[in-house]
């Protein structure tokens, strides 16, 4: 009869997994990086949250996998970029983020003005201010 182990769940997002949990995760994945699938033996490694904490993942044993330090840095950068994009799109849809300014448009070409020959105009006769009512 196999001994059952209770899954480790962190009290908060900042809590590190204890060494016994690190070893269980390493053994569960056969000592391979879950990103590049290369063996980790003799190299520096870290535990990675498969679903990043900033993207809604949980700090628990089933969400952890071993990765090379270099692979971990690349994945973390991708997770942060994804979070930023999601936040930007969400902000635009909810109206929380407004456009930075007007989109510049090319200036409209003004029509060329031609010289007006004023001699063609006649002087207008003055109008009467009030109409006389015929009785």
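Nothing in this text is a laboratory measurement; each read-out follows from the coordinates by a stated rule. Keep in mind that what you see is a predicted model, and the values were worked out from it rather than measured. Every residue, glycine as well, gets a Cβ built from its backbone with ideal geometry; the counts of neighbours run over all protein chains shown.
A few points about this structure:
- Largest GNM mean-square fluctuation across 88, 108, 118, computed for the chain with C-alpha springs under 10 Å, falls on 118.
- Relative to the longest principal axis of the Cα atoms of the chain, the long axis of helix 69-94 makes an angle of roughly 40 degrees.
- Residue-averaged 222 nm ellipticity for the chain, from DSSP H runs of 4+ at -39500 (n - 2.57), nearest 500: -9000 deg cm²/dmol
- Our summary gives the stretch 1-81 a relative contact order of 32 percent, counting only alpha carbon pairs under 8 angstrom and 6 or more residues apart.
- Volume per residue for the chain equals 329 cubic angstrom (convex hull of Cα atoms).
- Where only C-alpha atoms are counted, convex hull volume of the stretch 19-94 per residue in Å³: 84
- Cα-based shape type of the stretch 1-47, given that a ≥ b ≥ c are square roots of the gyration tensor eigenvalues and the cut on a/c is 1.5: oblate
- Taking the longest Cα principal axis of the chain as reference, the axis of helix 19-28 is set at about 90 degrees.
- Label reach from residue 44 (point 7 Å along Cα→C-beta): in the stretch 65-99, amide nitrogens under 17 Å belong to 66-77.
- Neighbour counts of C-beta atoms inside 10 Å place 124, 53, 64 in the sequence 124, 53, 64, starting with the fewest.
- For the residues 57, 101, 91, a GNM of the chain with alpha-carbon springs under 10 Å puts the largest fluctuation on 101.
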